[in-house]
Amino acid sequence: MTSLTPNIAPIRLLQTVGITTAALIGGMNFTISCFGIPAIMLSPPSLALKQWAQIYALGSKIGPGLSLL
């Protein structure tokens, strides 16, 4: 006789991945806002632009892929 209850392991795995990914993206946003931006504001404008471009380039590569999970 087969069981009528569904296998919840895949659901739990997807929930875990979703919550972990959301926490990771939130942590990235917090880190940039609290530590990255104030440090950039202390540097000269030409260096600040280079630093911001590097942060943006890395975030634009990582962020969209993580948000799809």
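Measure nothing but the geometry: give the 0 to 90° angle between the long axis through the Cα atoms of 45-68 and the longest principal axis through the Cα atoms of the chain, rounded to 10°.
Long axis of 45-68 versus the principal axis of the chain: about 10 degrees.
Suppose the chain between Q51 and I19 were pulled fully straight at 0.36 nm per residue; how much longer would it get relative to their current alpha carbon spacing?
Numbers: separation 32, 0.36 × 32 = 11.52 nm, distance 2.99 nm.
Difference between extended and current length: 8.5 nm.
Round to a whole number: what % of the accessible area of the chain belongs to carbon and sulfur, probe 1.4 Å?
75 percent
Can you give the calculated 222 nm mean residue ellipticity of the chain, where each DSSP H run of n ≥ 4 adds -39,500 (n - 2.57) and the sum is split over every residue, rounded to the nearest 500 deg cm²/dmol? Numbers along the way, then the final one.
Numbers: 3 runs with 52 residues, N = 69.
Helices in the chain give a 222 nm mean residue ellipticity of -25500 deg cm²/dmol.
With only alpha-carbon pairs counted, each pair once and no self-pairs, how large is the Kirkwood hydrodynamic radius of the chain in angstroms?
Mean inverse Cα-Cα distance, inverted, gives 14.8 Å.
The values are calculated or read from the model by the stated rules, or taken from the named source; none is laboratory data. Please read all numbers here as calculations on a predicted model, not as lab measurements. These area figures cover heavy atoms from the full protein model, side chains too; ligands, DNA and RNA do not enter into them. Shrake-Rupley method; radii C 1.70, N 1.55, O 1.52, S 1.80 Å.
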